[in-house]
Structure formats: C-alpha cells, structure tokens
Amino acid sequence: MEALGINLGLLIVQIIAFIIVYLTLNSWVYKPMLDMMESRKTKIAQGLEDARVASEARANAEKEAAKVLAAAQAEANKVVREATERAASAGKEVKAAADAEATKAREAAMAEAEVERNRILGDLRGQVAALAIAAANKLVGETLDEKKQHVLIDEFFSGIKGGKVVVAESLTGDSAEVTSALPLTTAEQASVKKSVTVKEISFKVDPSILGGLVIKVGDKVLDGSVAGKLEGLRQTLK
Amino acid sequence: MEHKKRRPWRRWVVLVLMIVGFILGGNAFFPAVQPEITVAAEKLILEPIFENFLGLGPFYLVNTLPTLAVTLVLLIVIAFFANRSLKKSQNTDLVPRGIGNVMEAILEMLYNLTEGSAGKYAKMIFPWFATIMIYVLFANLLKLIPGFESIGVLHHAEGEGHAIKSLGGVWSMLTPAKVEEGGYILAPFFRGISVDLNFTASLALISVVMIQVIGFRAQGLGYLSKFFNTRRMFKVPFFGAMDFLVGLLELISELSKILSFAFRLFGNMFAGIVLVAIVAGLLGKFSILPAMIMMFELFVGLIQAFVFGMLTMVFMAQATQGHGGEEHAEH
Amino acid sequence: MDGQSLIDAMRFVGAGLAMIGAAGAGIGIGLSVQGALGGMARNPDTYGNLLTNMILGIAFSEAIAIYCLVIAFLMLFKVV
C-alpha cells in the first residue's frame, strides 16, 4: 500500500477533513437553504391560495355586478317600455280626442252646411216657385181670355152640381159674396143663386183672381179661382 | 438608436496567452521537463513530522495536506458567506443574492434530483450527496490552478534525477538533462487532493458507510436481510439457498463499491495529470496542446464530481427501499 | 539482461495487458449511453430518470475498467 500512497494517518486526516466540510456545509448552507426553500414553498402556496381567494372574490363581484347590471337593464327596459306605452296611449288618446274633435267639428260643419244648404235650397225653391208661379201667372193671365173664363166658371158650377166640389150644405148663411175675374152673366148669376142657398148675394169683380170664382159665405171661403189654385201649387212647391 | 456591437475582447486575451505560452513553453530559458509521476503524494519533508501518529506509524507532511488546507479554508469561507447571504434573505424576501443565490441555484437542482429518486428520504440523503459533490468538485477544479504540480521543493534523487539551474536566491529550476548521480527531483507544494488515494478512499469509505447507515435508519434491522437473506430458506430450500448466496454477493458488492468509488475518481484524475505531463514533456515546444488537455480536465473533473455524488445518492436511495421482502413478509 | 530487469519489463507488459479489459468497459459504456440517448430522443419526458439510470449503468460498466486499472497499478508499482 505504501507504493499507492495509502497511509492510515493520512486517511484519518482526510476523513476528519470531510467531516469538517460536511458539518460546516450542513449547518451553514443546507439547513438555512432547506428552511428557506420550505418557507418559500409555504409562501408560494400562501400566495397561490390568496390568489385563488382573490380570484374567487373577483368572480363573485363580477357575478354581482352582472346581476346588478342585468337588474338595471331590466329596470331601464321596463321604464322605457312603460314610457313608450304611455306615450303611445297618450298619443292614441290625443289622436282619438283630435279625431273626435275633428269629427265633431266636421259634423257641426256638415250640419251647418246642411242647414245652410237647406236654407239655400229652400230659398232657391221659393225663388224657383215664385219664378214658376210668376211664369204660370203670366202664362195663365195671357191664356185666360173671356171665353175660357166662362168655361172655368161653368166647370166650377158643374163641379158643384156633379158633387165634385162639396159646398152645397156648408154654403149656407145670411149673405154671400162671390168674386170673379169678369163680371158674371145673368145666367151665371142665376146658377150661383141656385147653388148657394142664401138670402142675398153680392157680386164683386177682381181681376187678380185670374179666373174662376171665390164664394165667401160668412166666415167660410170656397176658393175655385185660378189664383187660389196657383197659390196651392206654390205651397206644394215650397 | 445605434445598436452597439459587442466586442469580445476576452478571446484575444486567450489567444495572446496561448501564443506567449507557445513561445515560452519550449525555449532555452524554460525547457520542458518530463515530470516525475508518482501515484503516492510526494513528501515535502523527508522526515516524518509525527513519529507515531495515533499509534499507526509515522506521519509525513505530504503535498496534498497544503492543498487540503486550502480547500477546507475556501469551502468554509464560501459556506460562511453563503450562510450570511441566506440568513439575510431569510429575514427579507426569501430571494438570496450573490453567492447565496449561486449556492441556492445549484443546491436546489441537486435537491430536486434527490427528491426525484429518494422521495421522502431526500432530507436525510441530500446533505451527504451535496457535500460529496461540492467537495469533489472543488478538489478537482483546484488542481487545475497554475502552480499546482510545478512549484515545490527539490529533493536529492535516489536514482537518476534532473540537473538543476540556479535562478538566484533559493530558487532553482530543473533542466531536462538527466544525471545518474547527484540529480534532483521535484516535490511540488501543492498536489490536487483528488490525485491522492487517501482522499478518494476516505470519501469512498464515508460514502459506503453512510449508505449502510441510511439503509438501517430507513428500514431498521430489516436492512440486514439484504445481505443475509434467510427469508425463504425454509420454505423453498433450493431457491432459499440461492437467495442466501445472492445476499452474500451483495455484501461483496458493497465492499467492491469502496474500491470502485476510490479508484474511479483517482483513476480519472491521475490519468489527467499523467496526460498533461506526458503531452507537455513529449511535445516540448508545442505546449498549446496541454492547455487543451487542461480544458478537457475541467470537463472530466466536473463529470467525475457529478458521478461520485450521483452514485452515492442513488445507492443511498436504493438502500432506503426494501429488497422486495415486504410482500413476502405480509403473507 | 538480468532477471530483475526481465521482471521489471514483464511488469510493464502485464500492466499494459491488464488495461485491455478497459475495452470492454468502453463498449459497455457506449452501449448504455446509446440506449439512454435513444430513449431520451424517443421520449424526452424521461430525461431525468434515464440520466440517473444511465450514469448508474456507466458506473457499473466503468467498475470493470477500474478493476483493470487496479490490477495494472498493482503490477506497475509492485504493491504485492
């Protein structure tokens, strides 16, 4: 062993040296380092745990915020919808009112127009009737010559006779007034006296009745004149 | 924004040093000397400093002892500063700075490795693993410092030696010329401690002993059944006997671990210095090549430190695990 | 040449022959690294595990070379 340099004394020295190194490193380096690694590991675990808690809290907060936001959104939607509805209904009401107003106004206007029209129509008719009567008067006045006057008077009496004009019984009184357009002939006066049973008869001539006869007994009037008929026509035209 | 170009000036320094080494290496003033290579550490003083050290015989002052002292002082200083840095960071923010950070980075990697193979016994194994690795690493790297293996005391050679040339004062220099009588041999002041079988053998002994200690601490007396496997002896006599023999082989294998640990490290490191010395002596002028071999030595030293520590750790981790005996015991 | 010189010469020869055994260790180391690297290439996740086992296998292979080295030393330095 001497040639290989192995010497028990040196071996023991080396072993002692190693033990010194081991103890030094163990107490000065490994133990603090392992402690530090341990505490760092716990610190990291703590940090991770904290981060997890924080992230959970954040998730909760986010959820809460989302909830609040959704509620607010719903509220806003509701408000908007209500406002819209209200506005719509208000509009509808306003429109309805306006419509009603308009209808009323239109109806009133229409009624007024109707009244006016009626009035105008009435006026018009009156005028038309007046015109027509005037025309008729003129025509009748021109066409009623003496002969025709006598024919008319004859027809009147024949009408009384034939029962067409029912006056025989009612035309009874103290005095009668007979008006004619032309002075009556004696024959005609006789037939008047025959048909009207009164004590005395007065004859009057009035060309404005155009033709025929108007017999007035007391307060009763038997109008067989052309003017009377025209008046009746005018009344019906009106 | 002008991007400043990085100028790596260090490579020029290395090149200049290589050229200077090439010029100085083999000239007339500094001729290359084939060094004396011995397996044993050289004695600095020929007489023993203790006549009977602990009753074990004479104790010589060999040149690995100064290196051992230097290594110890260096490691203790580093440990002290690392301790201060770690303590400071422990009280502040758990982030060490400076040397504490370096130590923490290396040791955390080693610890994770240990935890990967040993699991819950990592705390028990880790200090031994890390100590052996750091110690061997320092021993291997210190050996590469210039001045190691080259400056020392001159002894009178017993056989043939080198002629010397005086450099003035007490300093002299070996010359390549060999003389039959009255020559000198060099005993360097510093010799790498890993090129000393005492160092490697002591580490191997400690490692193997601690493997057994950790085995006992992890498994109790059940650890002994690894070596004296009598579990199945009476149930199945033939295979039981075979198990017993295998167990005895385990015992031999444990003893061979000491040998292989010690000689692996020693062999690699010794081969390194032999290679450097022979290449330097043979090539003479072309002394750039030894520089390359020194670089290779750096690599080998790193690897061997890692292998020594790693093997210790793996063997310890294996010792903590049972030898497949638990299942049988439960039946 | 006297007997002592012959024995010295034979010591060197014997040491050299003993180191032939390192060849086997070299092959073994190469094979184990090959297997480990192949495994790492196929399955990079197993890197750490394979590295540990590879170093262990290299150490066992290397032990053979170390026995050779020891024998060579024994011869070379006249230990026994």
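The orientation-averaged projected area of the convex hull spanned by the Cα atoms of chain B comes to 27.9 nm².
Computed over the stretch C:3-76, the percent of Cα pairs more than 19 Å apart is 49. What does DSSP give for the protein assembly as shown in terms of the percent of beta bridges that are antiparallel, rounded to the nearest 5? Percentage antiparallel, nearest 5: 75.
Taking the Cα centre of chain A as origin and assigning +1 to Lys and Arg Cβ atoms and -1 to Asp and Glu Cβ atoms, the resulting dipole is close to 200 debye. The translational diffusion coefficient of the stretch B:170-219, from Stokes-Einstein at 37 °C and 0.692 mPa s with a Kirkwood hydrodynamic radius over alpha carbon pairs, comes to 217 µm²/s. Shape analysis of the stretch A:66-143 yields a ratio of the Cα radius of gyration to the Kirkwood radius, Rg/Rh, of 1.74. Placing +1 on the Cβ of every Lys and Arg and -1 on the Cβ of every Asp and Glu, with no other charges, gives the protein assembly as shown a dipole of roughly 700 debye about its Cα centre.
Taken over the stretch B:73-148, the convex hull of the Cα atoms encloses 106 Å³ per residue. Cross-linked pairs A:Lys43/B:Lys123; B:Lys143/C:Lys78; A:Lys204/A:Lys229; B:Lys123/B:Lys226; A:Lys138/A:Lys193: Cα-Cα separations exceed 30 Å for A:Lys138/A:Lys193.
With a cut-off of 12 Å between beta carbons, the residues surrounding B:Phe239 carry a summed charge of +2, where Lys and Arg count +1 and Asp and Glu -1. The residue list B:Pro176, B:Leu72, A:Val214 was ranked by how far each Cα lies along the charge dipole of the protein assembly as shown toward its positive end, using unit charges on Cβ atoms, and A:Val214 comes out on top. Springs between Cα atoms under 10 Å define the GNM used for chain A, and in it the highest mean-square fluctuation of A:Ser202, A:Ser55, A:Ser158 occurs at A:Ser55. Membrane-span-like helices in chain C, defined here as complete DSSP H runs extending at least 27 Å along the helix axis by their C-alpha atoms with mean Kyte-Doolittle hydropathy no lower than 0.5, are C:21-42, C:47-76; this is a sequence and geometry rule, not a statement about a membrane.
May I ask for the Kirkwood hydrodynamic radius of the stretch B:205-247, worked out over all distinct Cα pairs and given in angstroms to one decimal? That comes to 11.2 Å for the stretch B:205-247. With the helix formula -39500 (n - 2.57) applied to DSSP H stretches of n ≥ 4, the protein assembly as shown reaches a computed 222 nm mean residue ellipticity of -23500 deg cm²/dmol. Of all DSSP beta bridges confined to chain A, the antiparallel ones make up roughly 65%. What do you get for the angle between helix B:197-219 and the principal long axis of chain B? Use alpha-carbon atoms, 0 to 90 degrees, nearest ten. That works out to roughly 20 degrees.
Return one number: the angle in degrees, 0 to 90 and rounded to the nearest 10, between the long axis of the Cα atoms of helix A:146-162 and the longest principal axis of the Cα atoms of chain A. That helix lies at roughly 80 degrees to the long axis. Please compute, over every Cα-Cα pair in the protein assembly as shown, the percentage with a separation greater than 48 angstrom. Roughly 52 percent, rounded to a whole number. Put in order of Cβ neighbour count within 10 Å, fewest first, the listed residues A:Thr103, A:Thr179 become A:Thr103, A:Thr179.
The share of Cα pairs per 10 Å bin across chain A, counted from zero up to the longest distance, runs 6, 13, 10, 7, 6, 5, 5, 5, 4, 4, 4, 4, 4, 4, 3, 3, 3, 3, 3, 2, 1 percent. Checking every one of the trypsin sites (Lys or Arg not before Pro) in the stretch B:73-172 against DSSP loop status and a limit of 15 other Cβ atoms within 10 Å picks out B:Arg97.
With respect to chain B, whose longest principal axis is taken over its alpha-carbon atoms, helix B:122-142 is tilted by about 10°. With one equal scatterer per alpha carbon and no solvent term, the Debye-computed log10 I(q)/I(0) for the stretch A:1-121 at 0.09, 0.10, 0.20 1/Å reads -0.73, -0.77, -1.10. Arranged from fewest to most other beta-carbon atoms within 10 Å of their beta carbon, A:Ser208, A:Ser225 become A:Ser208, A:Ser225.
Every number here is computed from the coordinates shown, using simple stated rules; none is lab data. As the structure is a computational prediction, the values presented were derived from the model and not from experiment. Positions of Cβ are backbone-derived with ideal geometry, glycine not excepted, and every protein chain shown enters the neighbour counts.
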